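Following: one structure in structure tokens, then a few remarks.
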Amino acid sequence: MKSQEIRSKFLSFFEQKKHSIVPSAPMVLKDDPTLMFVNSGMAPFKEYFLGNAKPINNRIADSQKCLRVSGKHNDLEEVGYDTYHHTLFEMLGNWSFGDYFKKEAIAWAWELLTEVYRIDKNMLYVTVFEGSNDVDKLPMDTEAYDFWKQHIAEDRILKGDKKDNFWEMGDQGPCGPCSEIHVDIRSAEEKAKVDGRDLINQDHPQVVEIWNLVFMQYNRKANGSLESLPDKHIDTGMGFERLCMVLQGVQSNYDTDVFTPIIREIETITGKTYGNDEPTDIAIRVISDHVRAVAFSIADGQLPSNTGAGYVIRRILRRAVRYGFTFLDKKEPFIYRLVDVLSHKMGAAFPELIAQKQLIENVIKEEEQSFLRTISSGIIDIEAIMKVINQAIYLHGIPKGRKEEEVRVISGKSAFDLYDTSGFPLDLTQLIAKENNFTVDVEGFNLEMQKQKDRSRAASETSTDDWTILNDEAEAEFVGYDTLEANVKLTRYRKVSSKKDGDRYQLVFNVTPFYPEGGGQVGDKGVLEDAHGNVVYILDTKKENNVIIHFAKNLPKHLNETFKAVVSSEHRDLTSSNHTATHLLHQALRVVLGNHVEQKGSLVKPKSLRFDFSHFSKVTTEQLQEIEDFVNARIEGKLPLEENRKVPMQQALKEGATALFGEKYGDTVRTVRFGQSFELCGGIHVKNTADIWHFKIVSEGAVASGIRRIEAITNKAVKEFYQSNNQSFFKIKSLLNNAKEPVKALQNLQEENTKLKKQIEALLKDKAKNIKGELKSELQDVNGIRFLAKKLDLDASGIKDIAFDLGSQFNNLFLLFATEQNGKALLSCYISKELVASKGLNAGQVVRELGQFIQGGGGGQPFFATAGGKKPDGIDEALAEAKKFIE
Ligand code: ATP
Ligand code: MG
């Protein structure tokens, strides 16, 4: 069975059981502060489990892209070494939100595996939770045990502890016991030798967990205690690639048709073969896995970068580059060439891969190039470190009482600095060290790593209290599209403390005019007033798991009163002006540059807007002007806002609304139209484009390969921009004696300046000629050497000319010239080449030693060198000392 069919059979099975099939959510999470990437099928549905939103159907099934590379689930180091853990994988899941529970979940899982996929029952084992004696004092999950008994022999039902059979979303929130389904795909002989039961959860590559059924029945509170959930939920996750391995009768995920085309391509490009030797195989598995993770992430809008989620992606790609470099001998970029096969193979299920293929290739290629450069410069650094140690051994020998191997060590600090500043991996440092008979102090490295982790943990440590619920009104309604003020009641609040911000309060209201950060637009600020004139400032507004949270420095005094919530109108007006301008800019870019332009990120603040988009060359000045004119024409056209707050997603797309990759949309969406600009958007806009007043681009540049960034301003900021330009202009004009035509006056000034410079140069040349004549007669004879040490009133290049000129006329010269310019001293030393050779004299050495008199330093070649210093008073002393070099 091909992988495509395996996936679609799963979905259609649950469709028949009345589940709605939904597409995979984007992998990068935007409104969950506890999680960077979706790491299990349930992550996109958290808001349903928390009761913050309602799903379209109580039964849902999907295939979700998951990434396990950070936080609680981090499989990165396993990937490549084993054959069944990936960074990116698909998790097939079926969900019940307060609908069916253990009985159906178990029965259907069994039916699907044994009747639809026809997996031999004798290959399967299941586990149930055995209960716990710790503080939670949980009973064994006898319910699950009894349901399983109806399908599978009792000796195939194993009991497991909390680690394997109790699932928690995080430190807080819904959780419950789970049942795992394991499969044993070993040969009959091996099964006869070792019982499968003994290999469950023992990291055996052919006895693996394929499906986990989680029964969510508790809620974990901030104080660590558990309470029963009123609505019980089902959350299941089956590893798609592992299922393919079982159904395709192979022994490794990498031998399924999910991976073989990529592996064939790696073999073709590198000339290596998969399946012959372990280091090569590991490298090939690493690369075939990582290219998927990186490509999907870029398609979802998360580019490699220096911070946060982008940095995680960068590290994955670098890991792949590093394995290719060391084990496949690839010293030039090649991973980007795998994107073609990948998008071919998976494009049907994930069309974003096809739509963004070129961008993905460009970004990966540039990252590869830059990391390969890092690797080469890192290798040079390591070689330099080893050279210093080798020289010390050569000069001083091995210190008494120590062995040679104790000295030939790259310190943990050096290895860590390489890793920390340029991402140079420790294992590569070790490899190079070993090739040169060195070792690396790994313990020291780990210590440095731990120190850094402690530092960043201390900086980001936060503690979050449980919510205090004041009343149980439904989810907070957002009324901010129509008004900046509303009477609100506090429904819940909690305290969040961190080193960085101190104590903050998070407030939730029954209704709110405050816009929560989202869609690139910053959150609203404002105040909360009670009837007694008390005011609490709202510093920011964010959405978390679908709840609108207001951040306040203080808790309101009278919690149960009605408050007047007022959004800062200045903040809001300027922000909405920039938001609408962003839409017009997006439209302009597609018209002026072409339809390949995709939005890749935006930031809309009161002060300015920033817009990132895919485009492969610099935007020319003419194009920028055209774009600016296009936007301003629409501002002058006074286009009214036409919005539709609730349109079915499919209908909006059919009508031509622009949607973004990597954005999570609901079933109904809001559309925003200004003339021909028509987008899906939840943000705040002006009522009429005329409110923007004017649009001005202030910068254009590259942020990554194939990604450009435009920064622009509107409204008041444009006025300020022109005002400040105007002020500068008047200042310049007054400096030009209020010339009628300042441009012309400035040009004249420049011309005059050039003419004067030329005249000075000519004068200096004349002067040098005269000086030369004088100097010749001043040369002294010291031990057969023509010597002169003198202060001259010339600049550095004039002195150099004279020295070289004298050098071409006389042999056996030793000259030291000094000059003082702008309060600084300069020494120049010239020594004829034959003196350098015969007497071992060195001009560099001379200026370095004499440099101390002028408090400076310098260097150069043995026959000519200069030193600069900040103490001109020392010039005479330096000149006086010069003779000692030849005496
Ligand atoms: P394992 O112990 O094998 O790491 P897990 O307990 O971490 O698995 P769950 O968190 O229960 O797995 O995830 C549900 C299913 O997702 C697993 O049964 C497995 O089939 C699949 N899965 C988990 N992690 C990975 C991974 N890194 N790569 C591929 N599939 C995975
Ligand atoms: Mg795991």
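The values are calculated or read from the model by the stated rules, or taken from the named source; none is laboratory data. Being a predicted model, the structure only gives us computed values, none of them experimental. Note that each Cβ is placed from the backbone with ideal geometry, even for glycine, and that neighbours are counted across all protein chains shown.
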Check: From the list GLU227, GLU180, GLU189, which residue is of a type in the set (D, E, K, R) and either within 16 Å of ligand 2 (Cβ to nearest atom) or in contact with a Pro (Cβ under 7 Å, 6 or more places away or on another chain) (or both)?
Finding: GLU180
Item checked: Residue match in the stretch 196-205 (condition: polar (S, T, N, Q), in the same structural domain as PRO139 (by TED's automatic domain parsing), within 23 Å of TYR117 (Cβ to Cβ) and over 33 Å from the mean Cα position of the chain (by Cα)) -> yes
Margin query: Please pick out the residue among THR127, THR114 that is surrounded by fewer than 21 Cβ atoms within 10 Å (Cβ to Cβ) and either assigned to a strand (DSSP E or B) or in contact with a His (Cβ under 9 Å, 6 or more places away or on another chain) (or both).
Written below: THR114
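From the list ASN57, ASN94, which residue is over 30 Å from ILE263 (Cβ atoms), away from ligand 2 (no atom under 16 Å from the Cβ) and surrounded by fewer than 20 Cβ atoms within 10 Å (Cβ to Cβ)?
Criteria check complete, one pass: ASN57.
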Note to self: Please count how many residues of the stretch 67-91 are outside any loop (DSSP other than H, G, I, E, B) and touching a Leu at 6+ places or on another chain (Cβ under 7 Å).
What the structure shows: 3
Margin query: Looking for something farther than 19 Å from SER96 by Cα, in a loop (DSSP other than H, G, I, E, B), within 15 Å of ligand 1 (Cβ to nearest atom) and among the basic types (Lys, Arg) - is there at least one such residue anywhere in the stretch 7-25?
Written below: no
Check: What pairs can you find where one residue is in the stretch 97-124 and among the small types (Gly, Ala, Ser), the other is assigned to a helix (DSSP H, G or I), and their Cβ atoms are less than 8 Å apart, with a gap of 6+ or different chains?
Finding: ALA107/PHE147
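For the stretch 26-35, give me the residue count where each residue is away from ligand 1 (no atom under 16 Å from the Cβ), more than 20 Å from MET346 (Cβ to Cβ) and not polar (S, T, N, Q).
5
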Next item on the list: Determine if the stretch 601-612 includes at least one residue that is touching a residue at least 40 places away in the same chain (Cβ under 8 Å), surrounded by fewer than 19 Cβ atoms within 10 Å (Cβ to Cβ) and of a type in the set (Phe, Trp, Tyr).
Entry: no
Notebook entry, point to check: Considering only the stretch 187-205, how many residues are assigned to a loop (DSSP other than H, G, I, E, B) and either surrounded by fewer than 19 Cβ atoms within 10 Å (Cβ to Cβ) or acidic (Asp, Glu) (or both)?
Noted result: 7
Notebook entry, point to check: Among (1) away from ligand 2 (no atom under 16 Å from the Cβ); (2) exposed (fewer than 14 other Cβ atoms within 10 Å of the Cβ); (3) in a helix (DSSP H, G or I), which single condition is LYS163 missing?
Noted result: (1)
Next item on the list: Please enumerate the residues belonging to the stretch 53-70 that are over 26 Å from GLN4 (Cβ atoms) and not hydrophobic (A, V, I, L, M, F, W, C).
Entry: LYS54, PRO55, ASN58, SER70
Check: Does MET238 satisfy the criteria of being aliphatic (A, V, I, L, M), away from ligand 2 (no atom under 16 Å from the Cβ) and buried (at least 21 other Cβ atoms within 10 Å of the Cβ)?
Finding: no
Next item on the list: Considering each residue of the stretch 46-88, count those that are in contact (Cβ under 8 Å) with a residue 40 or more places away in the chain, within 12 Å of ligand 1 (Cβ to nearest atom) and of a type in the set (Lys, Arg), and give that number.
Entry: 2
Item checked: Restricting the stretch 89-104 to residues that are in contact with a Ser or Thr (Cβ under 9 Å, 6 or more places away or on another chain) and within 16 Å of ligand 1 (Cβ to nearest atom), the residue that is farthest from ASN52 (Cα to Cα) -> GLU90
Margin query: So LEU317 ticks every box in (1) under 30 Å from ALA188 (Cβ atoms); (2) touching a His at 6+ places or on another chain (Cβ under 7 Å); (3) hydrophobic (A, V, I, L, M, F, W, C) but one. Which box is left unticked?
Written below: (1)
Next item on the list: With respect to GLN217, determine if the residue is touching a residue at least 24 places away in the same chain (Cβ under 8 Å), over 23 Å from ALA107 (Cα atoms), surrounded by 15 or more Cβ atoms within 10 Å (Cβ to Cβ) and under 39 Å from the mean Cα position of the chain (by Cα).
Entry: no
Check: Name the pairs whose Cβ atoms lie under 6 Å apart, with the first residue in the stretch 828-847 and at positive phi, the second outside any helix (DSSP H, G or I) and modelled with pLDDT of 95 or more, and 6 or more positions between them or separate chains?
Finding: none
Next item on the list: Check whether at least one residue in the stretch 716-731 is closer than 30 Å to GLY310 by Cβ and either part of a helix (DSSP H, G or I) or assigned by TED's automatic domain parsing to the domain that holds PHE613 (or both), and report yes or no.
Entry: yes
Next item on the list: Please work out if ILE760 is assigned to a helix (DSSP H, G or I), β-branched (Val, Ile, Thr) and loosely packed, with under 13 Cβ neighbours inside 10 Å.
Entry: yes
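In the list ASN726, ASN737, which residue meets the criterion of being loosely packed, with under 10 Cβ neighbours inside 10 Å, farther than 30 Å from PHE814 by Cβ, among the polar types (S, T, N, Q) and out of contact with any Gly (no Cβ under 7 Å at 6 or more places or on another chain)?
Of ASN726, ASN737, the one residue that is loosely packed, with under 10 Cβ neighbours inside 10 Å, farther than 30 Å from PHE814 by Cβ, among the polar types (S, T, N, Q) and out of contact with any Gly (no Cβ under 7 Å at 6 or more places or on another chain) is ASN737.
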Margin query: Considering only the stretch 440-456, I want to know if a residue exists there that is of a type in the set (Val, Ile, Thr) and either in contact with a Leu (Cβ under 8 Å, 6 or more places away or on another chain) or at pLDDT below 90 (or both).
Written below: yes
Next item on the list: Kindly list, by first and then second residue, each pair from a residue in the stretch 233-247 that is more than 13 Å from GLN4 (Cβ to Cβ) and more than 8 Å from ligand 1 (Cβ to nearest atom) to a residue that is assigned to a helix (DSSP H, G or I) and of a type in the set (A, V, I, L, M, F, W, C), limited to pairs with Cβ atoms under 6 Å and residues at least 6 apart or on different chains.
Entry: HIS233/PHE49; ILE234/ALA105
Check: Looking at this structure, is ILE710 at pLDDT 95 or above and either hydroxyl-bearing (Ser, Thr, Tyr) or touching a Gly at 6+ places or on another chain (Cβ under 9 Å) (or both)?
Finding: yes
Next item on the list: Among the helices (runs of 4 or more DSSP H) lying completely within the stretch 344-458, list those that include at least 2 residues that are out of contact with any His (no Cβ under 7 Å at 6 or more places or on another chain) and surrounded by 13 or more Cβ atoms within 10 Å (Cβ to Cβ).
Entry: 352-355, 357-396, 412-422, 426-435
Notebook entry, point to check: Name the residues in the stretch 657-700 that are small (Gly, Ala, Ser) and either touching a Ser or Thr at 6+ places or on another chain (Cβ under 9 Å) or more than 19 Å from ALA581 (Cα to Cα) (or both), would you?
Noted result: ALA657, GLY662, GLY666, GLY675, SER677, GLY683
Note to self: Scan the stretch 197-215 and tell me whether some residue there is at pLDDT 95 or above, more than 16 Å from ligand 2 (Cβ to nearest atom) and β-branched (Val, Ile, Thr).
What the structure shows: no
Check: Considering ASN39, ASN52, which residue is assigned to a loop (DSSP other than H, G, I, E, B), within 16 Å of ligand 2 (Cβ to nearest atom) and among the polar types (S, T, N, Q)?
Finding: ASN39
